[in-house]
Structures are given as C-alpha cells and as structure tokens.
1. For region 152-181, name all the residues that are under 15 Å from the mean Cα position of the chain (by Cα), exposed (fewer than 12 other Cβ atoms within 10 Å of the Cβ) and either among the small types (Gly, Ala, Ser) or closer than 8 Å to residue 12 by Cβ (or both).
2. Can you spot a residue in region 49-57 that is modelled with pLDDT under 95, more than 30 Å from residue 24 (Cβ to Cβ) and over 16 Å from the mean Cα position of the chain (by Cα)?
3. Does residue 122 satisfy the criteria of being open to solvent by less than 20 Å² (accessible area, probe 1.4 Å), in a strand (DSSP E or B), without any contact (Cβ under 8 Å) to a residue 60 or more places away in the chain and within 20 Å of residue 158 (Cβ to Cβ)?
4. If I ask for residues that are part of a helix (DSSP H, G or I) and either basic (Lys, Arg) or farther than 26 Å from residue 16 by Cβ (or both), which ones from region 125-154 would you list?
5. Please list, ordered by first then second residue, the pairs with beta carbon atoms under 7 Å, 6 or more apart or interchain, first in region 159-177 and touching a residue at least 60 places away in the same chain (Cβ under 8 Å) and assigned to a strand (DSSP E or B), second loosely packed, with under 12 Cβ neighbours inside 10 Å and of a type in the set (Gly, Ala, Ser).
6. Looking only at region 100-114, count how many residues are in a strand (DSSP E or B) and either exposed (fewer than 12 other Cβ atoms within 10 Å of the Cβ) or without any contact (Cβ under 8 Å) to a residue 40 or more places away in the chain (or both).
7. I'd like to verify a number: residues in region 125-149 that are under 17 Å from residue 39 (Cβ atoms), among the aliphatic types (A, V, I, L, M) and either open to solvent by 20 Å² or more (accessible area, probe 1.4 Å) or touching a His at 6+ places or on another chain (Cβ under 8 Å) (or both), how many?
8. When the residues of region 85-99 are filtered to those that are surrounded by 13 or more Cβ atoms within 10 Å (Cβ to Cβ) and of a type in the set (Val, Ile, Thr), which remaining residue is farthest from the chain's Cα centre (by Cα)?
Amino acid sequence: ELLCRQGVQYHWHNRGYASFDDFLGTLKSSKRKTIRKERARVADQDLTLETLTGEDITPAIWDVFYPFYRSTVDKRWGNAYLTKGFFRRLGEVMPERVVLVMARHHGKYVAGALNLRGQDTLYGRVWGCREEFEFLHFEACYYAAIDFAIAHGMARVEAGAQGQHKLQRGYEPTPTYSAHW
C-alpha cells in the first residue's frame, strides 16, 4: 500500500522575462527594493559569482565544491551521503545538465550552489558555504538561478522545499505530490 503525501515547494516561473530587471518590474516595490538591496550587499562584501556549466566544471572545481556541500551537511543533517567521487562522476556523465554557481571572496572560492538542468526547468539541489556572508545564499541559490533561467529561456526554477523566505524573493508556493511505500 502506498502512502500519498502532499507538500509545498517554491518555484519561480519565467513569464517571458527578457532580464532580471524585467522580472523585478513585476514585483511590488517593497520586494524590488529588498532584492536590489540584497544583491548590492553581496557585491559590497567583495563577492563575485560565476556560473559554470559543462566542461568549465573541472575535477578541481568539484574538489573545491565538495567542502561546501560538507559544511551544509555537517551543520544541518550530519549524513554526507554524496561523496567527492559522486560529484566528479556527475560532471563526467552529464556535464551539460550541471549548472554550478560558485562565489569568490577576494579571489578565493567560498561558496557554491549546485543546480541540475532539465528540459525547461532548473532544479536547485545543494548549497554550501565555508564562511558567513550576508545574503550570499539568496544570491547564489535564488537570484543567480533566475538569471540563468532567463538567459536560457527556461520556464521555471524549482528551489525545493522549505522556506517561506522564498516568497519575498519572487518564488511561488506550488503543491507537490508523492507516493511512498
């Protein structure tokens, strides 16, 4: 017998936006102001982000990313079931599906967000940071994903479960359904 479950995830929907500013223009002024302030604060902390895909994600990049993943697991869940080898293999087997947002502080990588690219959807999956920076999580996981989706004509970004804080950032609650044995 299967147990059916209904949940909620937060998704961003591309309604034909030509740019991030085009998207911002659809939000209430208070949300626009908050998002602009958060993005500016990231830049003020001397953080720069780069979005890597395909062959740009070398084994060395995966080696840098892995401790970010571990830092989140160690803080929150305590069971690092994904290995460094898993991430390397992911890059070998399906590099065209990986979108990795990496953040640098003073030129050194300090954080990363792993997304997987579907036909028309970008799926946010793993985030990690070795140091604390104000609003970096939102920039790397939500805003950079929106930028990528707009640039590549993707229909939506699924940022996953948890977090009513995503509502303030333009994501919408979406019912999800699953069946469990």
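1. Scanning region 152-181 gives a single hit, 161.
2. So far as region 49-57 goes, yes, one or more of its residues are modelled with pLDDT under 95, more than 30 Å from residue 24 (Cβ to Cβ) and over 16 Å from the mean Cα position of the chain (by Cα).
3. On the way: open to solvent by less than 20 Å² (accessible area, probe 1.4 Å): yes; in a strand (DSSP E or B): yes; without any contact (Cβ under 8 Å) to a residue 60 or more places away in the chain: yes; within 20 Å of residue 158 (Cβ to Cβ): yes.
Yes: the conditions hold for residue 122.
4. Pass one, region 125-154, residues part of a helix (DSSP H, G or I): 136-151.
If the condition is that a residue be part of a helix (DSSP H, G or I) and either basic (Lys, Arg) or farther than 26 Å from residue 16 by Cβ (or both), then 136, 137 are the ones that fit.
5. Sorted first by the residue in region 159-177, then by its partner, the pairs are 161/7; 176/7.
6. So in region 100-114, the residues in a strand (DSSP E or B) come out as 100-105, 108-114.
With either exposed (fewer than 12 other Cβ atoms within 10 Å of the Cβ) or without any contact (Cβ under 8 Å) to a residue 40 or more places away in the chain (or both) added as a condition, the list becomes 108, 113.
The number of residues fulfilling the criteria is 2.
7. 0
8. Applying the filter and picking the extreme gives 98.
The values are calculated or read from the model by the stated rules, or taken from the named source; none is laboratory data. Computed from a predicted structure; not experimentally measured. Note that each Cβ is placed from the backbone with ideal geometry, even for glycine, and that neighbours are counted across all protein chains shown. We work out accessible area using only protein heavy atoms, side chains counted, and drop any ligands, DNA or RNA first. Shrake-Rupley method; radii C 1.70, N 1.55, O 1.52, S 1.80 Å.
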